[in-house]
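*Asks:* Dropping the structure in here first, questions after.
What follows is calculated from the coordinates using simple rules that are stated; it is not laboratory data. Computed from a predicted model, the values in this text were never measured in an experiment. In this analysis, Cβ positions are derived from the backbone assuming ideal geometry, glycine residues included, and neighbour counts consider all displayed protein chains.
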Amino acid sequence: MKRDVIIIGGGVVGLMTAYSLQKAGRSVTVIDETDISDNTSFGNAGLLSAFDKTPLSNPGVVLDTLKLMIKGESPVNIHPKLDYKLFRWLFKFVQSANEDRLKRTLALFEKYGQITIDRYKQMQIEDGLDFDFHHDGMLSVFTEEKSYEKKLAKYNFVDNDRFEIFDNSKIKEYLPLGNEKIKGAILFKRNAHFDPKRVMLEMKNYLSKNGVEFILNERISNIKFKDKKVASISSALNTYEAETYVLSTGYQTLLADIRKKELMMTPAKGYSITFTMPKELEPKTSTLFADLFIVMTPRRNDVRITSKLELGSTDPRVIKEQIESIKENFKKYTIPFEMEDIVEWSGFRPLTPNDMPLIGRDEEYKNLIYGMGLGWLGMTFAPSVGEILKDLIIKDSENKNNDDILLFSGFYQG
Ligand SMILES: Cc1cc2nc3c(=O)[nH]c(=O)nc-3n(C[C@H](O)[C@H](O)[C@H](O)COP(=O)(O)OP(=O)(O)OC[C@H]3O[C@@H](n4cnc5c(N)ncnc54)[C@H](O)[C@@H]3O)c2cc1C
């Protein structure tokens, strides 16, 4: 039996692409090696933060990271077995961290971030999905005087719809657990947050009910090519054929490797700690401790903090020292409080060196589409990417005829 579209990988990118295709009347199958209950799309911070947030590759990033390393607060770890691929990635990362690129990246973030927020809102209204979604801004908190001053110099104008610089009483109202070491805070109002696990479970349920086929606990380990097309994919158990194949396997590149397509992408391991705490101390909205690379997100029944950017590791275990180091850095800037019912988690961001996703049609095998490399902003851009890939598929168009691919895809950005 030949299927219509097979999506390999049921993370947020796979499910959002399935959603857009299903709405467009296509018949979709999602295949995943797990039961889709705990991939990277589940345990992240849940920020939809495309607005007024500095990209990862930004001018000054290397110096700032080194300073934090000296202070013992750096979120970044690079594993000692630096291989050639990671070395190339790091080189490209440093090369991309320049002022011209920054402006372009921020403009693209805003364009595709807005499409995403509108889409999440529409899904909740039209499809009755409950994402625990809050469009009430992201509070950027500064623990270093210099970086706060730098930020203030950038926001030395008034735009009440966009941001608000907080005085001490407003900081206390929004972040009651913050201590006196906090230097300042700015609320960036256009950002939003939700509960990513809820999003994933609601989506999976919605798609199943609306005819999307799920084949779970089957790892696709091979691809066969014929006449410049993907002819079939197979697991240890079965072979599947389809008109179109979408690759959305997160940080894993096995299938791209078989195709001999080098994806400029590296796994960047991160951690989350989810816990309950006294209600009156919970932050009022999602909060980024900008100098520490720690995010705190209030949720319906608990709170989550996330951090760390470990390059060169694919070890899925939760490493105790990393969890302790997050807690230690975090507690320097909060009043004492008890974390209870703690759940610790780790996952891998599929990180590209310039914050651009690797999306589009394979140049040689035209029925193979990539939905990869969404890095640290997969929740923020997946609905936009789903729409872009859907357009590519239903219009049967080439990359060169799709403006969104040419603008946003890392395949077309030097
Ligand atoms: C600590 C942390 C915090 C983060 N915070 C945020 C945030 O606040 N906001 C934001 O926008 N983003 C955030 N992110 C990033 C976001 O989580 C990712 O970008 C996103 O989840 C990636 O989604 P994905 O669909 O590409 O991959 P995944 O969620 O990893 O899904 C890939 C799926 O492919 C399957 N798969 C892989 N290979 C195969 C195969 N061969 N056969 C079958 N199935 C396969 C896997 O089982 C998996 O289910 C964060 C990430 C981390 C780690």
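*Asks:* Give the Kirkwood hydrodynamic radius (Å, one decimal) of region 359-408, defined as one over the mean of 1/r across all pairs of different Cα atoms.
*Replies:* 11.1 Å
*Asks:* Separate question: Choose one answer from Lys53, Lys228, Lys189: the residue with the largest mean-square fluctuation in a GNM of the chain with alpha-carbon springs under 10 Å.
*Replies:* Result: Lys228 has the largest fluctuation of those listed.
*Asks:* State log₁₀ I(q)/I(0) for region 138-185 at q = 0.13, 0.24, 0.26, 0.30 Å⁻¹ as given by the Debye formula over alpha-carbon point scatterers of equal weight, solvent excluded.
*Replies:* -0.29, -0.94, -1.06, -1.26
*Asks:* Ok, one more. Pick from Ile319, Ile171, Ile186: which is most flexible by mean-square fluctuation in a GNM of the chain where alpha carbon atoms under 10 Å apart are linked?
*Replies:* Of the options given, Ile319 has the highest mean-square fluctuation.
*Asks:* At q = 0.15, 0.21 Å⁻¹, work out log10 I(q)/I(0) for region 2-63 with the Debye formula, treating every Cα as an identical point scatterer and leaving solvent out; two decimals please.
*Replies:* -0.65, -0.89
*Asks:* What is the calculated FRET efficiency for Asn217 to Glu344, with r their C-beta to C-beta distance and R₀ = 25 Å, to the nearest 0.05? Present the calculation step by step, with values, prior to reporting the outcome.
*Replies:* Numbers: r = 24 Å, r/R0 = 0.97.
Computed FRET efficiency for Asn217 and Glu344: 0.55.
*Asks:* Using every Cα-Cα pair within region 153-296, state what percent have a distance larger than 25 Å.
*Replies:* The proportion of pairs with Cα distances above 25 Å equals 57 percent.
*Asks:* Could you pull out the pairs from Lys53/Lys150; Lys183/Lys331; Lys92/Lys151 whose alpha carbons sit more than 22 Å apart here? Let's see the in-between values first.
*Replies:* Numbers: Lys53/Lys150 14 Å; Lys183/Lys331 15 Å; Lys92/Lys151 26 Å.
Listed pairs above 22 Å: Lys92/Lys151.
*Asks:* If the convex hull of the alpha-carbon atoms of region 145-219 is projected onto planes in all directions, what is the mean projected area in square nanometres?
*Replies:* One quarter of the hull surface, i.e. the mean projection, equals 9.6 nm².
*Asks:* Say each of Met1 and Phe337 gets a label point 7 Å from the Cα, pointing the same way as Cα to Cβ; how far apart are those two points in nm?
*Replies:* Taking the two extended label points, one gets 5.1 nm.
*Asks:* Same structure again: With springs only between Cα atoms under 10 Å apart, run a GNM on the chain and tell me which of Lys150, Lys327, Lys390 wobbles the most.
*Replies:* Lys150
*Asks:* May I have the convex hull volume per residue, in Å³, for the Cα set of the chain?
*Replies:* 143 Å³
*Asks:* Here is a follow-up. At a temperature of 20 °C and a viscosity of 1.002 mPa s, determine how fast region 260-322 diffuses translationally according to Stokes-Einstein, using the Kirkwood radius over alpha-carbon pairs as Rh; express D in µm²/s, rounded to the nearest whole number. Before the final figure, lay out the partial values.
*Replies:* Details: Rh = 13.8 Å.
In µm²/s, the coefficient rounds to 155.
*Asks:* Using a Förster distance of 41 angstrom, determine the FRET efficiency expected from the C-beta separation of Lys320 and Tyr412, and round it to 0.05.
*Replies:* 0.45
*Asks:* Run the simple label-point estimate for Lys92 and Asp38 please: 7 Å along Cα→C-beta, distance reported in nm.
*Replies:* Roughly 3.1 nm, to one decimal.
*Asks:* How large are Rg and Dmax for region 11-150 when only the alpha carbon atoms are used, in Å?
*Replies:* Radius of gyration, then largest Cα-Cα span, for region 11-150: 19.1, 55 Å.
*Asks:* Also, I was wondering about something else. Convex hull over the alpha-carbon atoms of region 293-414: what's its volume per residue in Å³? Walk me through the numbers on the way to the answer.
*Replies:* Details: hull volume 19.4 nm³, N = 122.
In region 293-414, the Cα convex hull volume per residue is 159 Å³.
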